[in-house]
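Read through the structure below, which is laid out as structure tokens, and then see the notes.
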Amino acid sequence: MMYLSDLPTGALAHVSSFLAASSRALFAVALDYRDVDSSSAIAGDDWDVLDFGDIEKDLAAKLSDEDIRGVLLAIDAVNNLKKLRLTNCIHVTGIGLEPLWGSTIIEQIDLSLVGDHESPKLNQEPPISCAEVIPILDSIIQRGVDCSLEYLQFPFEWRKERNTESDFHAFLTRYNELLCSRADVCLKCSCNLPGIYHNHALQMDEFDYGTQNYTCYDCMNKYCYECEDDLFGCYISLCHRCEKSYCAHCQTVNYCTCCGFSYCVGCIDSKQCSQCEENTCLDCVPGVRCRNTCCADKISCIPCVENGDAFSRCDSCNEAYCVDCCDSDIHAVKFCDVCKDLHCGQCRVKECKEGSCSCAGCYQLAFPVILEDKERVQSEMDELRSEYREQRNEINELKRKVKDLTGELAEE
């Protein structure tokens, strides 16, 4: 019996060329070749980027450290790989990254275990371990001037609590010193980095602890926080949801004036509040809607809703009406200058008819509603009369036809 692994290396390499990059490397590992040259030939040689998000999510979640190690060896990662993303590899400890030991090629490592525009806060704590990974990262940054590493995205579990006595914080300090020693400059204004407001290349305090400053996650270009884009403000910003920094060229990052956080459009798109005209993330849009459903496309931020600038509520039924309807629709909520009450047209008419309201101002506001209701009822009655006449005529016509048909039958 011939097995797939018995085929010539050239044939297997041709088959693997039709697979996605990560699948191609896993294919080489699955064949369990004993010599590195055969595995490398099957995996291919175009290995600047390895992203396990290119394979099925369920498959990536099943990968072990031994699988990751096998892939990195198959592609000769220490000499080839520039960007590594462990997307959805939620069951690895990190020991499988050992083939990257001392790499001078690697530029970006994403250990957040999530894909693009996904929150790094996983439902279950992943087993990825500082004790296993930090020695490997240390071996990379210890190459000094030969080190090419520019961006590290750490797991949220490592960053969620700042502990200055931890091994992770000690590594952050060493990595920060490496980044600061490079004397980088802003690509836009040529100022020195780190800048005035962030004197660290990494966030070393509680807020956004362990995230990277100045460097765009996508293009890895560096910008200061003083440079601004003509349309979207700060040229580089950290997204509060995916916790990655993006420059204005790679991702639009909008600042929400309501919650004070910035979000890239891939995570949470921002809208303009129809009242204050400020950018508002959709998390800061309350569930209040106008009863008339006339403003389905309009967005109102929480402050405008809470201050009554966007909606008015009826004191009786508590239904909400937008300010545009309150201005133009007699059935919407109106403010009575006499009794200082807010009522919608229906509730105000009801109280006037029941005699529970003795306010002259309310009667004045109720009169147009009553008049319109009367006209509407009259119109409905006219339509019913018209339908009645049409149906009566149809019945008379049917009677005539039946009579004629009966007469014809009698004659026969």
>> Just to be sure I understand the filter: pairs with C-beta atoms under 9 Å, separated by 6 or more residues or on different chains, first member in the range 141-169 and farther than 26 Å from Asn123 by Cα and among the small types (Gly, Ala, Ser), second member modelled with pLDDT under 95 and part of a loop (DSSP other than H, G, I, E, B). Which pairs pass?
In response: Gly144/Ser181
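Can you tell me which of Ser181, Ser245 is exposed (fewer than 14 other Cβ atoms within 10 Å of the Cβ) and either free of Cβ contacts under 8 Å to residues at least 12 places away in the same chain or in contact with a Cys (Cβ under 9 Å, 6 or more places away or on another chain) (or both)?
Values: Ser245 fails: exposed (fewer than 14 other Cβ atoms within 10 Å of the Cβ).
On inspection, the qualifying residue turns out to be Ser181.
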>> Name the residue that is nearest to Leu84 (Cα to Cα), counting only residues in the range 195-214 that are open to solvent by 40 Å² or more (accessible area, probe 1.4 Å) and not hydroxyl-bearing (Ser, Thr, Tyr).
In response: His200
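Among the residues of the range 111-130, is any open to solvent by 50 Å² or more (accessible area, probe 1.4 Å) and either more than 25 Å from Leu238 (Cα to Cα) or part of a helix (DSSP H, G or I) (or both)? Talk me through it step by step, then tell me what you get.
Step one: list which residues in the range 111-130 are open to solvent by 50 Å² or more (accessible area, probe 1.4 Å), which gives 116, 118, 121-125, 127.
Imposing the further condition that a residue be either more than 25 Å from Leu238 (Cα to Cα) or part of a helix (DSSP H, G or I) (or both) reduces the set to 127.
Looking through the range 111-130, at least one residue is open to solvent by 50 Å² or more (accessible area, probe 1.4 Å) and either more than 25 Å from Leu238 (Cα to Cα) or part of a helix (DSSP H, G or I) (or both).
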>> Quick check on the range 163-205: of everything there that is part of a loop (DSSP other than H, G, I, E, B) and of a type in the set (Lys, Arg), which residue is nearest to the chain's Cα centre (by Cα)?
In response: Lys188
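Might you check whether a residue that is more than 25 Å from Thr293 (Cα to Cα), part of a helix (DSSP H, G or I) and free of Cβ contacts under 8 Å to residues at least 24 places away in the same chain occurs anywhere in the range 337-344? Can you show your working first?
Filtering the range 337-344 down to residues more than 25 Å from Thr293 (Cα to Cα) leaves 337-340.
Restricting the remaining residues to those that are part of a helix (DSSP H, G or I) gives none.
Scanning the range 337-344, I find no residue that is more than 25 Å from Thr293 (Cα to Cα), part of a helix (DSSP H, G or I) and free of Cβ contacts under 8 Å to residues at least 24 places away in the same chain, so the answer is no.
Against the definition (among the small types (Gly, Ala, Ser), open to solvent by less than 20 Å² (accessible area, probe 1.4 Å), modelled with pLDDT of 85 or more and within 24 Å of the chain's Cα centre (by Cα)), how does Ser237 come out, yes or no? Outline the logic, then answer.
Numbers: among the small types (Gly, Ala, Ser): yes; open to solvent by less than 20 Å² (accessible area, probe 1.4 Å): yes; modelled with pLDDT of 85 or more: yes; within 24 Å of the chain's Cα centre (by Cα): yes.
Taking the combined requirement at face value, the residue satisfies it.
Here's the yes/no breakdown for (1) buried (at least 17 other Cβ atoms within 10 Å of the Cβ); (2) modelled with pLDDT of 90 or more; (3) in contact with a strand residue (DSSP E or B) (Cβ under 8 Å, 6 or more places away or on another chain):
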{"position": "Ala170", "(1), (2), (3)": "no, yes, no"}
{"position": "Arg174", "(1), (2), (3)": "no, yes, no"}
{"position": "Val185", "(1), (2), (3)": "no, yes, yes"}
{"position": "Cys189", "(1), (2), (3)": "no, yes, no"}
{"position": "Cys216", "(1), (2), (3)": "yes, yes, yes"}
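Hey, does the range 265-275 have a residue that's β-branched (Val, Ile, Thr), closer than 26 Å to Cys216 by Cβ and touching a residue at least 24 places away in the same chain (Cβ under 8 Å)?
Filtering the range 265-275 for residues β-branched (Val, Ile, Thr) gives 265, 268.
Next cut, closer than 26 Å to Cys216 by Cβ only: 265, 268.
Next, from what is left, pick out any that are touching a residue at least 24 places away in the same chain (Cβ under 8 Å): 268.
Looking through the range 265-275, at least one residue is β-branched (Val, Ile, Thr), closer than 26 Å to Cys216 by Cβ and touching a residue at least 24 places away in the same chain (Cβ under 8 Å).
Got a number for residues in the range 18-57 being β-branched (Val, Ile, Thr), under 23 Å from Asn88 (Cα atoms) and at pLDDT below 75? Steps first, please.
Narrowing the range 18-57 to residues β-branched (Val, Ile, Thr): 29, 36, 42, 49, 55.
Then keep just the ones that are under 23 Å from Asn88 (Cα atoms); that gives 29, 49, 55.
If we keep only those that are at pLDDT below 75 as well, we get 29.
The qualifying residues number 1.
Residue check: is Asp382 within 21 Å of Cys317 (Cβ to Cβ) and either within 58 Å of the chain's Cα centre (by Cα) or modelled with pLDDT of 85 or more (or both)? If you could, list the steps in order and put the result at the bottom.
Details: within 21 Å of Cys317 (Cβ to Cβ): no; either within 58 Å of the chain's Cα centre (by Cα) or modelled with pLDDT of 85 or more (or both): yes.
Answer is no for this residue.
The values are calculated or read from the model by the stated rules, or taken from the named source; none is laboratory data. It should be emphasised that the depicted structure is a prediction, and the values quoted were computed from it without experimental measurement. Note: ideal-geometry Cβ built from the backbone for every residue, glycine included; neighbour counts use all protein chains shown. Surface accessibility is based on the protein's heavy atoms, side chains included, excluding ligands, DNA and RNA. Shrake-Rupley method; radii C 1.70, N 1.55, O 1.52, S 1.80 Å.
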